[in-house]
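**Q** Supplied in structure tokens, the structure appears directly below.
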């Protein structure tokens, strides 16, 4: 019996996880969110930028990690547009091009931000690290036009934004190693301020950069989105997802404890 | 006559008053002093740095200086303002990144007040932006790299002289033979996954080195070696490499090019494709070596579910816990790089590992000394490393 | 000769790229950029070979009527449809966007969301307090998991009268201290390994990637 419990069929666990996801979705429970320091650091940094400052947002995620990273993108965009900051969007991955375009358009529409004046979406260019380095000398040398193929020199907002000297903060929303590229190539070489919002699984990897202040802040997965939504007082998808995530975490903790109890009973019997 | 004299006196008083008022109302601030322009060190030759001492009225007095503009000219041309918006009061440094190599530029710094009256500083001497061949700011990193390289090269050539070098046991690599043997006994294929890295990732090259050793063994046992690739360049390099390994083992006929194939570049489509293969073909041994992201656990759990013996290795540290949980053996970080030396037992390769240990020793030493000095209040070591 | 040429090229380009990292001069940066451009040019040619490999693999599967050979037709259909719509009409054409949003997005999201299920089953199987070290890791994992979601603080604050928000504070402490120091250790080891491996490759001592032998 104990042996069977310890080697429980993975399909049973899958069903339990599915239930832990589906039930809270319908119950619509919510819990108070405590904001972590790394997320607050991003919020404070953006909140203290002068009104004509520019934030560059890199939508470096694909459809797979959309659920975790798009709520973050939306929350930060809301904050920037409400403060009247200028936003430049781009992506280093082809999958991210359409996703970045959609989220920036949606939030601009909601907040009344104007394309070409309050924000510019540059889309995707191949080359990854070469793109980062190229923008150090001139953004136009890498992105000669925006995502809708409008030449940058015809976009009023870009008249005053030529390279990293005119960008106050880079926020990398990432599901892979791109935050390390920004740190290595733009923070080290151009002294550019970098913040990151990453998938939950990657968070611990970036803590060393946070402590060395190579990152001004860090948003951890869906929780980061929920925390940011709390800071700007606009609960959306991140906050909604927290109840589901809470139940799944509780389930996993319960499973681990249960598995260990069974393990200890068996060990005692064996002894 | 008296009237004439009075008239003259009134005119003089009026002139004095007007002059006094004009001086009083449009009083200019004192200009910034000691303005100095020099070629920015350690750059490609596209910038000049300008420094100055604040105006004495910077932020103080009735006509306080509220900001500065930097002006530039070349040759006999007129000065042009090069700062888009005024630099805030208190600033004493500006880097002109538009000073492309070629002409010599002269600079002046203009102090501005709230009433928008301005005063220019004295001109600087003409300066040219020149590119530097060596980045002196990176000299310590360069020195450390040279020292470490010398230690590695010395160890390699020391090993060449045939001295036996101890190398600790790495269970994951000891299990390679076991995994291949098990596949042979079961008559099931071996699957080798190189991860999502490109050929420029050192982890992918390390993985190729292990694959080369695995390929020699599968050539001997005539076992099918399935390698689904995610990167087009990796695919072509791996095909050539495995073919050479088979030729070197004297089994060119056993080499099957179709077993090394391109699946997709998309991360999760790749995971889905490889999972499908695992379930259909039920390989007896699965190697996962290289750079992995979120797909690591999806692959490892599927491999676990088909009962394969799994040997993983990655330098993607956030994926290590997943591999440790779902695989039989995991090479952690640097073990992946040591694998080629371990498997081939080539003295020169093993020697390089000793060089690596010297590097670690130096870092440990620096860490311990740094911590002790910091605890007793000596901070220059920490400050030095922070600057590096 | 067949082996010497690639080894010599590797040595020259490796050394140049390394030195260019320390030289900001426009000439050295120009050479560096040129080498990177060359390496980028190789990619499209390799992609052609890769696509040929994909087509060949699935064509063989169909011809040999391998297991589930019917799915190989889907590969060809997907490939042709995306190319036929994507190339002439561009990335913003509604048909292309529709396919991206309604085919690729849900499929990728499905694969990623499998992680939730798989993590649960792997955690159940692997998180056992077999030894003292494993028990420490297990405790840390449970604290981080609970502190990572708002329900952790919620339950704690409701049940325990002291230490407000302790789960999330403890989680942050674990991430900031034990996690950070161990990760630094791994990063140092990996970095030294990378340099040592690179030296071996540049000097031509490591040549297994060329198929081994001399």
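**Q** Tell me which residues, restricted to segment A:159-191, are away from every other protein chain (no Cβ under 13 Å) and under 17 Å from residue A:104 (Cβ atoms).
**A** A:167, A:169, A:170, A:171, A:172, A:173 - these are the residues of segment A:159-191 that are away from every other protein chain (no Cβ under 13 Å) and under 17 Å from residue A:104 (Cβ atoms).
**Q** Now, a different point. Where in segment B:1-82 are the strands (runs of 3 or more DSSP E), entirely inside, with at least 2 residues that are modelled with pLDDT of 75 or more and within 14 Å of chain C (Cβ to nearest Cβ)?
**A** So the answer is none; nothing clears 2.
**Q** For segment B:321-334, what are the residues that are more than 8 Å from chain C (Cβ to nearest Cβ) and either within 24 Å of the chain's Cα centre (by Cα) or in contact (Cβ under 8 Å) with a residue 60 or more places away in the chain (or both)?
**A** Matches in segment B:321-334: B:328, B:329, B:330, B:331.
**Q** Output the residue which, of all residues in segment A:176-196 that are assigned to a loop (DSSP other than H, G, I, E, B) and modelled with pLDDT under 90, is farthest from residue A:218 (Cα to Cα).
**A** Applying the filter and picking the extreme gives A:191.
**Q** Out of all the residues in segment C:95-113, is one or more closer than 21 Å to residue A:128 by Cα and outside the structural domain of residue C:203 (by TED's automatic domain parsing)?
**A** Checked segment C:95-113: no residue is closer than 21 Å to residue A:128 by Cα and outside the structural domain of residue C:203 (by TED's automatic domain parsing).
**Q** For segment A:173-196, indicate whether the set of residues that are touching a residue at least 40 places away in the same chain (Cβ under 8 Å) and at positive phi is non-empty.
**A** Scanning segment A:173-196 turns up no residue that is touching a residue at least 40 places away in the same chain (Cβ under 8 Å) and at positive phi.
**Q** With loosely packed, with under 15 Cβ neighbours inside 10 Å, touching a residue at least 12 places away in the same chain (Cβ under 8 Å) and part of a helix (DSSP H, G or I) as the only criterion, which of C:9, C:15 stands out?
**A** Testing whether each residue is loosely packed, with under 15 Cβ neighbours inside 10 Å, touching a residue at least 12 places away in the same chain (Cβ under 8 Å) and part of a helix (DSSP H, G or I) leaves just C:15.
**Q** Follow-up. Restricting attention to segment B:128-145, which residues are out of contact with any strand residue (DSSP E or B) (no Cβ under 8 Å at 6 or more places or on another chain), surrounded by 16 or more Cβ atoms within 10 Å (Cβ to Cβ) and in a loop (DSSP other than H, G, I, E, B)?
**A** B:131, B:132, B:135
**Q** Go through segment B:290-305 residue by residue and tally those that are under 14 Å from residue B:324 (Cα atoms) and touching a residue at least 24 places away in the same chain (Cβ under 8 Å).
**A** So the count comes out to 8.
**Q** In segment C:21-131, which helices (runs of 4 or more DSSP H) lie fully inside it and hold 1 or more residues that are within 10 Å of chain B (Cβ to nearest Cβ) and crowded, with 16+ Cβ neighbours inside 10 Å?
**A** Result: C:26-63, C:71-89, C:105-126.
**Q** Restricting attention to segment A:68-89, does a residue exist that is in a loop (DSSP other than H, G, I, E, B) and over 17 Å from residue A:115 (Cβ atoms)?
**A** No, there is no match, as no residue in segment A:68-89 is in a loop (DSSP other than H, G, I, E, B) and over 17 Å from residue A:115 (Cβ atoms).
**Q** Hey, can you tell me all the residues within segment A:201-217 that are part of a helix (DSSP H, G or I), in contact with a strand residue (DSSP E or B) (Cβ under 6 Å, 6 or more places away or on another chain) and more than 10 Å from chain B (Cβ to nearest Cβ)?
**A** Within segment A:201-217, A:210 is the sole residue that qualifies.
**Q** From the list B:370, B:365, which residue is in a helix (DSSP H, G or I) and exposed (fewer than 12 other Cβ atoms within 10 Å of the Cβ)?
**A** The unique qualifying residue is B:365.
**Q** Within segment C:21-33, which residues are at pLDDT below 90 and either in the same structural domain as residue C:201 (by TED's automatic domain parsing) or touching a helix residue (DSSP H, G or I) at 6+ places or on another chain (Cβ under 6 Å) (or both)?
**A** Scanning segment C:21-33 gives a single hit, C:32.
**Q** OK, next. For a quick check of your reading: which helices (runs of 4 or more DSSP H) sit entirely within segment C:134-214 and have at least 2 residues that are in contact (Cβ under 8 Å) with a residue 24 or more places away in the chain and within 14 Å of chain B (Cβ to nearest Cβ)?
**A** Output list reads C:180-202.
**Q** Would a scan of segment B:210-217 turn up a residue that is surrounded by fewer than 15 Cβ atoms within 10 Å (Cβ to Cβ) and without any contact (Cβ under 8 Å) to a residue 60 or more places away in the chain?
**A** Within segment B:210-217 (the criterion being surrounded by fewer than 15 Cβ atoms within 10 Å (Cβ to Cβ) and without any contact (Cβ under 8 Å) to a residue 60 or more places away in the chain), the answer is no, since none of the residues qualifies.
**Q** If residue B:281 meets every condition in (1) modelled with pLDDT under 95; (2) crowded, with 19+ Cβ neighbours inside 10 Å; (3) in contact with a strand residue (DSSP E or B) (Cβ under 9 Å, 6 or more places away or on another chain) apart from one, which number is that one?
**A** (2)
**Q** Among B:148, B:142, which is touching a helix residue (DSSP H, G or I) at 6+ places or on another chain (Cβ under 7 Å), at the interface with chain C (Cβ under 10 Å from one of its Cβ atoms) and within 30 Å of residue B:207 (Cα to Cα)?
**A** So the residue among B:148, B:142 that is touching a helix residue (DSSP H, G or I) at 6+ places or on another chain (Cβ under 7 Å), at the interface with chain C (Cβ under 10 Å from one of its Cβ atoms) and within 30 Å of residue B:207 (Cα to Cα) is B:148.
**Q** Taking segment B:342-361, which residues are more than 10 Å from chain C (Cβ to nearest Cβ) and either in contact with a strand residue (DSSP E or B) (Cβ under 8 Å, 6 or more places away or on another chain) or surrounded by fewer than 17 Cβ atoms within 10 Å (Cβ to Cβ) (or both)?
**A** Selection gives B:345, B:361.
**Q** Which residues, counting only those in segment A:36-57, are within 9 Å of chain C (Cβ to nearest Cβ) and either in contact with a helix residue (DSSP H, G or I) (Cβ under 6 Å, 6 or more places away or on another chain) or surrounded by 17 or more Cβ atoms within 10 Å (Cβ to Cβ) (or both)?
**A** Correct list: A:36, A:38.
**Q** Considering only segment B:281-292, I want to know if a residue exists there that is over 30 Å from residue B:345 (Cβ atoms) and in contact with a helix residue (DSSP H, G or I) (Cβ under 6 Å, 6 or more places away or on another chain).
**A** The answer is no; no qualifying residue exists.
**Q** Which residues, counting only those in segment B:258-274, are facing chain C (nearest Cβ under 9 Å) and outside any strand (DSSP E or B)?
**A** Of everything in segment B:258-274, those that are facing chain C (nearest Cβ under 9 Å) and outside any strand (DSSP E or B) turn out to be B:258, B:263, B:264, B:265, B:266, B:267, B:268, B:269, B:271, B:272.
The values are calculated or read from the model by the stated rules, or taken from the named source; none is laboratory data. Just so we're clear, the structure is a prediction, and the values are computed from it rather than from any experiment. As a convention, Cβ positions derive from the backbone with ideal geometry for all residues, glycine included, and neighbour counts pool all protein chains shown.
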